[in-house]
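The values are calculated or read from the model by the stated rules, or taken from the named source; none is laboratory data. Because the structure is predicted, anything quoted here is derived from the model rather than measured. FYI the Cβ positions are ideal-geometry reconstructions off the backbone, even for glycines, and counts take in every protein chain you see.
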Amino acid sequence: MKLWGGRFSGEIDEHANAFHSSIGFDKKLYKHDIKGSIAYAQMLGKQGIISNEDAKAIIKSLEQILEDIEKGVLKIDETAEDIHTFVEAELISRIGEAGKRLHTGRSRNDQVALDMRMYVKEEIDNLCSQLVQLLRAFLDTAKSHTSTIMPGFTHLQKAQPITLAHHVLAYFQMFKRDYLRLQDCRKRTDEMPLGSGALASTSYPLDREFLREKLGFAVITENSLDAVSDRDFCIEFISCMSMIMMHLSRFCEELIIWSTDAFNFISISDAYATGSSIMPQKKNPDMAELIKGKTGRVYGSLIGILSMMKSLPLAYNKDMQEDKEAVFDSAGTVRASLQVFCGMFESLQYNIENMKNSALGGYTNATDAADWLVKKGLAFREAHEVSGRLVLLAIEKKVRLEELSLEEIKKVSQIFDDTFYDAISIERCVEVRSLEGGPSKGALEKAIKNAEVFLSKLSQ
Ligand code: ARG
């Protein structure tokens, strides 16, 4: 059934019809659409725009339609134009005349804007609870590894020793910001657009405040043209999700590197790895790789929707129907990625010995050697030079800095004495980095407390 047949004398081309139909994907919005229509019918009845009997009949039938779809009794007709048309046509086929009054003062333009806002808010809530679960997992790991020493890297070259807790808490910060970004995006999504009509609002005395309240929105939209043609909440949402994927992809890449034979810092659980069809020994980190791969897909949706919205004249244009797959696909991708990542992370096994041994190699204490010289009165630039010469000597002798004898190091500089060795022990190198935000146990205890406070505020 068409909702706009009157003005037409000819039939739409079969391919054109299939081309513009969005039901294949917007059927996802059936619940939001029906809930919106129920509130709208209540309001129409309350305002005397339609009779109370008609309002009641509409509401009852819409509730039944929702139940029937949910039970699988009513199949969504894939030949309908979109979900809004399908629900309205079904309503009319069930209750006739009264059903035809539902769309009074409303347009699919404000209807779809409403449905999308409801959907995005719901998905933000889902993603935020997944993020909280992930933050909890990071915190648990951090708590058990404040003394687990590992190398920190720059350029993927060993740089300075840190702790595993410090590394994991770095991701805590990233995903905390992702959480806050989504919450912020939610505020701008939380605007109720019904009453905007097709573009210029309507002459019927609608009660927008009532609709806002019923549908659980914070405020009503302030400009009807903007309300029906704005999709920046979708763009912002996908942008927030792109950031989550970017962060996930970084940690995934690290897990892949850490699980290589060369590093051997972690083992990924069998539950999150796969084998090779030819090489019997292989255990591949496919989940981590796929999450990285899917990051590109979410970025693609972001670029797609930004490009689609570019240069669109006000107000609604059918171009905007393309918003849906971008939003749906990226939300589904991010949810699945977070789910798998969280499980994979929680089941990681850490090879603590290897991490520490790795930090012991690569001269990660060379900065501390320079810092010891600074304490002895050398200017840092000079100390850097001396420590560099020590490294060169140790490389030649194929030993660690702390394995050079006092005699050997005194040849590099007379300033050295045997207190030097304690100052460059790996434990000490971590211990002395006790500034807020650093890797020492004391600093981490503070960071862990802050993280706990953040999470406890969320659950209040
Ligand atoms: N399926 C359409 C969309 O998602 C609904 C709005 C249709 N409005 C219109 N004026 N054709 O954009």
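If the condition is being acidic (Asp, Glu), farther than 24 Å from residue 48 by Cα and part of a helix (DSSP H, G or I), then region 202-243 contributes 226, 232, 236. For first residues located in region 63-86 and closer than 23 Å to residue 324 by Cα, partners that are aromatic (Phe, Trp, Tyr) and lie 6+ apart or on another chain with Cβ distances below 7 Å form the pairs 69/30; 76/30; 76/86; 77/86; 80/86; 83/30.
Condition first: more than 16 Å from the ligand (Cβ to nearest atom) and assigned to a helix (DSSP H, G or I). Can you find one or more residues in region 311-327 that meet it? No, region 311-327 contains no residue that is more than 16 Å from the ligand (Cβ to nearest atom) and assigned to a helix (DSSP H, G or I). The residues of region 59-113 that are touching a helix residue (DSSP H, G or I) at 6+ places or on another chain (Cβ under 7 Å), among the basic types (Lys, Arg) and part of a loop (DSSP other than H, G, I, E, B) amount to a single one, 106. A single member of 199, 169, 182 is within 22 Å of residue 125 (Cα to Cα), in contact (Cβ under 8 Å) with a residue 40 or more places away in the chain and of a type in the set (A, V, I, L, M), and it is 182. Can we say residue 44 is buried (at least 20 other Cβ atoms within 10 Å of the Cβ) and more than 16 Å from the ligand (Cβ to nearest atom)? Taking the combined requirement at face value, the residue satisfies it.
Might you check whether a residue that is closer than 30 Å to residue 20 by Cα, part of a helix (DSSP H, G or I), among the hydroxyl-bearing types (Ser, Thr, Tyr) and at pLDDT 95 or above occurs anywhere in region 358-368? Within region 358-368, not a single residue is closer than 30 Å to residue 20 by Cα, part of a helix (DSSP H, G or I), among the hydroxyl-bearing types (Ser, Thr, Tyr) and at pLDDT 95 or above.
Among residues of region 253-276 that are in contact (Cβ under 8 Å) with a residue 60 or more places away in the chain, those with a beta-carbon under 9 Å from a residue that is surrounded by fewer than 16 Cβ atoms within 10 Å (Cβ to Cβ) and part of a loop (DSSP other than H, G, I, E, B) at least six positions away or on a different chain give the pairs 257/156; 267/283; 268/283; 268/347; 269/347; 271/347; 272/347.
A single member of 282, 324, 310 is among the charged types (D, E, K, R), at pLDDT below 95 and over 26 Å from residue 171 (Cα atoms), and it is 282. For region 77-105, the set of residues classified as surrounded by 24 or more Cβ atoms within 10 Å (Cβ to Cβ) and either closer than 22 Å to residue 223 by Cβ or in contact with a Lys or Arg (Cβ under 6 Å, 6 or more places away or on another chain) (or both) consists of 83, 84, listed by residue number. For region 1-35, filtered to residues that are small (Gly, Ala, Ser) and away from the ligand (no atom under 13 Å from the Cβ), the residue that is nearest to residue 116 (Cα to Cα) is 18.
Can you pull out every residue in region 428-454 that is in contact with a Ser or Thr (Cβ under 9 Å, 6 or more places away or on another chain), loosely packed, with under 15 Cβ neighbours inside 10 Å and outside any helix (DSSP H, G or I)? Within region 428-454, 432, 434 meet the criteria. For residue 305, the conditions (1) closer than 20 Å to residue 244 by Cα; (2) among the aliphatic types (A, V, I, L, M); (3) more than 16 Å from the ligand (Cβ to nearest atom) are fulfilled apart from (3). Tell me yes or no: at least one residue of region 273-283 is buried (at least 18 other Cβ atoms within 10 Å of the Cβ) and either assigned to a helix (DSSP H, G or I) or away from the ligand (no atom under 16 Å from the Cβ) (or both). No: region 273-283 contains no residue that is buried (at least 18 other Cβ atoms within 10 Å of the Cβ) and either assigned to a helix (DSSP H, G or I) or away from the ligand (no atom under 16 Å from the Cβ) (or both). The set of residues in region 407-429 that are more than 17 Å from residue 378 (Cβ to Cβ) and in contact with a helix residue (DSSP H, G or I) (Cβ under 8 Å, 6 or more places away or on another chain) comprises 408, 418, 421, 422, 425, 426, 428, 429.
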